[in-house]
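Undergrad: A single structure is presented below for examination.
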Amino acid sequence: MPLKLKPENFRNTKSVKELTPAQQRFLEIGAQLHDSELTPQLARMILQDARTKHAYSVTDTDAPEGTDPVVGIVTLETPDDDVHIDTLVIDEQRRGQRLGAGTLRLIEALARNNNAERITLNPVSDDAGRFYEAHGYQPDGDSGDGMLSKRL
Ligand SMILES: CC(C)(COP(=O)(O)OP(=O)(O)OC[C@H]1O[C@@H](n2cnc3c(N)ncnc32)[C@H](O)[C@@H]1OP(=O)(O)O)[C@@H](O)C(=O)NCCC(=O)NCCS
């Protein structure tokens, strides 16, 4: 499935009511990371967080007209010469279809384009850790806090 990382700018959105359909899906998929329905309080929290990061909706560019093209979300931090993956969530209905692997490839391409030398992340669970290790991410000796990293 052809995927794209579509930048979502939340910086000037003051309330959930102003969001585009893709941005509303961003919040719904973000809530899955908290194992919760999208309550107004959680929506505000995710919005607040997304404003401080580089946020992207993972979009199926071949989705038929009238169907939902957003299959996941990504937020990145880009300090110095590293890219830090803050969040990568694939919609729970769509997991296990290699969308996570495709998204990771897109993040790595974006990081290389920005001349990043390394990608880092803190996996949220053992499952997530196995997913990243299968894609070449290794425990980061420097940090000692469970961080994984990959040299580009
Ligand atoms: C981790 C995650 C991004 C993987 O996305 P995905 O599209 O399901 O991944 P893929 O289809 O490319 O790869 C599936 C692999 O991930 C593993 N995996 C981890 N969690 C999984 C889940 N909840 N459902 C299905 N597969 C999962 C599978 O074991 C599978 O391994 P395999 O390749 O040996 O079969 C996705 O499961 C997810 O969003 N999880 C919840 C949030 C999270 O943990 N994010 C990562 C840290 S920020």
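Readers should treat all values here as calculations from the given coordinates under stated rules, not as data from a laboratory. What you see is a predicted model, and the numbers here were worked out from it, not measured in a lab. With ideal geometry, Cβ positions are generated from the backbone for all residues, glycine too; neighbour counts draw on all protein chains shown.
Undergrad: Which one is nearest to the ligand (Cβ to nearest atom) among residues in region 69-85 that are surrounded by fewer than 17 Cβ atoms within 10 Å (Cβ to Cβ) and part of a strand (DSSP E or B)?
TA: In this case the residue turns out to be Glu77.
Undergrad: For region 48-65, does any single residue satisfy the condition of being within 13 Å of the chain's Cα centre (by Cα), surrounded by 14 or more Cβ atoms within 10 Å (Cβ to Cβ) and in a helix (DSSP H, G or I)?
TA: Yes: region 48-65 contains one or more residues that are within 13 Å of the chain's Cα centre (by Cα), surrounded by 14 or more Cβ atoms within 10 Å (Cβ to Cβ) and in a helix (DSSP H, G or I).
Condition check ((1) aromatic (Phe, Trp, Tyr); (2) more than 8 Å from the ligand (Cβ to nearest atom); (3) loosely packed, with under 12 Cβ neighbours inside 10 Å; (4) in a loop (DSSP other than H, G, I, E, B)) across all residues:
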| residue | (1), (2), (3), (4) |
| --- | --- |
| Ala101 | no, no, no, no |
| Arg112 | no, yes, no, no |
| Ile119 | no, yes, no, no |
| Gly129 | no, yes, no, no |
| Tyr132 | yes, no, no, no |
| Asp142 | no, yes, yes, yes |
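Undergrad: Identify, please: which residue in region 86-98 is under 15 Å from the mean Cα position of the chain (by Cα) and outside any helix (DSSP H, G or I) and is, among those, nearest to Gly146 (Cα to Cα)?
TA: Narrowing region 86-98 to residues under 15 Å from the mean Cα position of the chain (by Cα): 86-92, 94-95, 98.
Filter once more, so that each one left must be outside any helix (DSSP H, G or I): 86-91, 95, 98.
Numbers: Asp86: 14, Thr87: 15, Leu88: 17, Val89: 19, Ile90: 22, Asp91: 25, Arg95: 24, Arg98: 24 Å.
Ranking the candidates gives Asp86 first.
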